[in-house]
Amino acid sequence: MAEGKVAFELVSPERLLLSQEVDMVVVPGEEGDFGVLERHSPMISTLRPGVIQVHDGGSVAESIFVAGGFAEVTPTRCTVLAEEALPVGEIDRAATEQRLSNAKDDLIDAKDDAEKAVAERQIKVAEEMLKAAG
């Protein structure tokens, strides 16, 4: 591995989305965003819906929306296991607005706390996707 680099892998249920050495990764942790550089302390964190920023060559090389998941960090590696992941540039605004509308309808139709919690989570994911899309 190159000096000053951290190995970054982003995996979704469908496929390995990204695997490369980068300068830094900023991850949307459940308790706040955190940056991962070489020699980071080991940790595991849950993720909230938000954008992973991959920094390389002094700028943000990639921005990827994640709906949630987990991140494992070691001194040389950051691995993100995402529930759902999509490059920000590929977010379809109309489809995401429809997703938000459907989730709001599901919340209205929820028959118990479990259905309500699922609908509220889907609303949060769709809202964060829209923010990421700009």
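The values are calculated or read from the model by the stated rules, or taken from the named source; none is laboratory data. Just so you know, these numbers come straight off a predicted model, no measurement behind them. With ideal geometry, Cβ positions are generated from the backbone for all residues, glycine too; neighbour counts draw on all protein chains shown. SASA here: full protein model, heavy atoms, side chains in, ligands and nucleic acids out. Shrake-Rupley method; radii C 1.70, N 1.55, O 1.52, S 1.80 Å.
Among the candidates 33, 105, the residue that is part of a strand (DSSP E or B), surrounded by fewer than 16 Cβ atoms within 10 Å (Cβ to Cβ) and of a type in the set (D, E, K, R) is uniquely 33. When residue 52 is tested against the conditions (1) loosely packed, with under 15 Cβ neighbours inside 10 Å; (2) in a strand (DSSP E or B); (3) β-branched (Val, Ile, Thr), the lone failure is (1). Of everything listed in (1) modelled with pLDDT under 95; (2) closer than 17 Å to residue 9 by Cα, the single unmet condition for residue 58 is (2).
Only one entry in 47, 100, 81 is open to solvent by 60 Å² or more (accessible area, probe 1.4 Å) and either more than 22 Å from residue 9 (Cβ to Cβ) or modelled with pLDDT of 95 or more (or both), namely 81. Once the range 108-134 is narrowed to residues that are among the hydrophobic types (A, V, I, L, M, F, W, C) and out of contact with any Ser or Thr (no Cβ under 8 Å at 6 or more places or on another chain), the residue that is most open to solvent (accessible area, probe 1.4 Å) is 108.
Considering 62, 90, the condition of being in contact (Cβ under 8 Å) with a residue 24 or more places away in the chain and acidic (Asp, Glu) is satisfied by 62 alone.
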